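Have a look at the structure below, then the notes.
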Amino acid sequence: LIKYEPSKLIKKIAPEKKVKRLMSGNLTLKKAALSFIDPLAEEFGLSKKRIAEVALKTLKGYRNRVKSDSATKGELKADPAQLIQRVQNEVVLQIGAEIKTKFEGERYIWLPSDAEEPDPEHQLNYGREFIVGDGEMPGDRYGCRCGMQIKVPETQLNLGE
Ligand SMILES: [Zn+2]
């Protein structure tokens, strides 16, 4: 079984401190992208190269905005927490899409969100079984912190890399 939990994913790959350092230019993009790779590649059997690409693209986009757009720059100074949360949400959205592509067609159980205000429509799906790639899924909506437990045979995880 594979558990995809956005909140844990964020803690692992994009903790607040790291994103803040990154956005303020104190951490190189390459270093940051690399730090995203290993835990994910191992846990979900994703391609290291692909994760690096996805992470780098997201981070680059935000960093460029901080550099070139004075409104975003001001936002980082005024309310870093909000910008950090946006970056985290975006990374989770992108990585989530990779995970969904990899496990398309497998069955999964919808896990509850730990967001402060969970989506009432998503709450109806808690504990129910669905197919990856079929209809709306946890993480499809921006900021959704629902998770999923994907039913995959153990052996399948070691394939790939
Ligand atoms: Zn949700």
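Below, the figures for the structure above:
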item: Surface/4 estimate of mean projected area, convex hull on alpha-carbon atoms of the stretch 99-143, nm²; result: 3.2
item: Cleavage-rule hits, trypsin sites (Lys or Arg not before Pro), the stretch 70-161, DSSP coil, Cβ neighbours within 10 Å at most 10; result: Arg128
item: Inter-label distance, nm, simple model (7 Å from Cα along the C-beta direction), Leu56/Lys77; result: 3.1
item: Selection from Met137, Gln94, His122, by position along the positive dipole direction of the stretch 41-143 (Cβ); result: Gln94
item: Subset of Lys20/Lys100; Lys11/Lys73; Lys20/Lys48; Lys12/Lys49 violating a 21 Å alpha-carbon distance limit; result: Lys20/Lys100; Lys11/Lys73; Lys20/Lys48
item: Computed lengthening from Glu16 to Lys49, 0.36 nm per intervening residue step minus Cα-Cα distance; result: 9.5 nm
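No lab work stands behind these numbers, since they all come straight from the coordinates. Here the structure is a predicted model, which is why all the values come from computation and not from measurement. Note that each Cβ is placed from the backbone with ideal geometry, even for glycine, and that neighbours are counted across all protein chains shown.
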